[in-house]
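Taking it in order: structure first as structure tokens, then the write-up.
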Amino acid sequence: MDSSSAPRREHRLIMRVLAQWREIAGARGVPHRSQIDPHLFGEDWASCLLIDVDPKPECSRFAFVG
């Protein structure tokens with residue numbers, strides 16, 4: 001296989017994470033927390049964060065900060 005037919009890895013972190021997020025979420029738009037597996041994001045997980053959003057914004061909290 002030559003370099004022109006090899007799959008290209010997206011260079012932009014945000015696009016890689018967004019693609020994985022969309023794959024996990026499917027048609028829902030937002031995945032369930034239980035669907036988010038750090039291993040799916042690979043080394044990009046260290047640049048991610050999760051927020052537990054509460055109906056009262058002041059009660060929301062960071063669940064993970066990479």
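Being surrounded by 10 or more Cβ atoms within 10 Å (Cβ to Cβ) and at negative phi is the filter here, so list the residues in segment 30-45 that pass it.
Residues satisfying the conditions are Val30, Pro31, Gln35, Ile36, Asp37, Pro38, Leu40, Phe41, Asp44, Trp45.
I need every pair where a residue in segment 10-26 that is under 10 Å from Leu40 (Cα atoms) has its Cβ under 8 Å from the Cβ of a residue that is among the β-branched types (Val, Ile, Thr) and crowded, with 16+ Cβ neighbours inside 10 Å, sequence separation at least 6 or different chains.
Correct list of pairs: Ile24/Ile36.
Need the failing condition index for Ala27 against (1) modelled with pLDDT of 95 or more; (2) open to solvent by 100 Å² or more (accessible area, probe 1.4 Å); (3) part of a helix (DSSP H, G or I), just the number.
With (1) modelled with pLDDT of 95 or more; (2) open to solvent by 100 Å² or more (accessible area, probe 1.4 Å); (3) part of a helix (DSSP H, G or I) applied to Ala27, the lone miss is (1).
Can Asp2 be described as open to solvent by less than 80 Å² (accessible area, probe 1.4 Å) and either part of a helix (DSSP H, G or I) or modelled with pLDDT under 90 (or both)?
no
The values are calculated or read from the model by the stated rules, or taken from the named source; none is laboratory data. Note that the structure is predicted; figures quoted are calculated from it, not measured. Every residue, glycine as well, gets a Cβ built from its backbone with ideal geometry; the counts of neighbours run over all protein chains shown. Accessible surface is based on the protein model in full, side chains and every heavy atom, while ligands, DNA and RNA are left aside. Shrake-Rupley method; radii C 1.70, N 1.55, O 1.52, S 1.80 Å.
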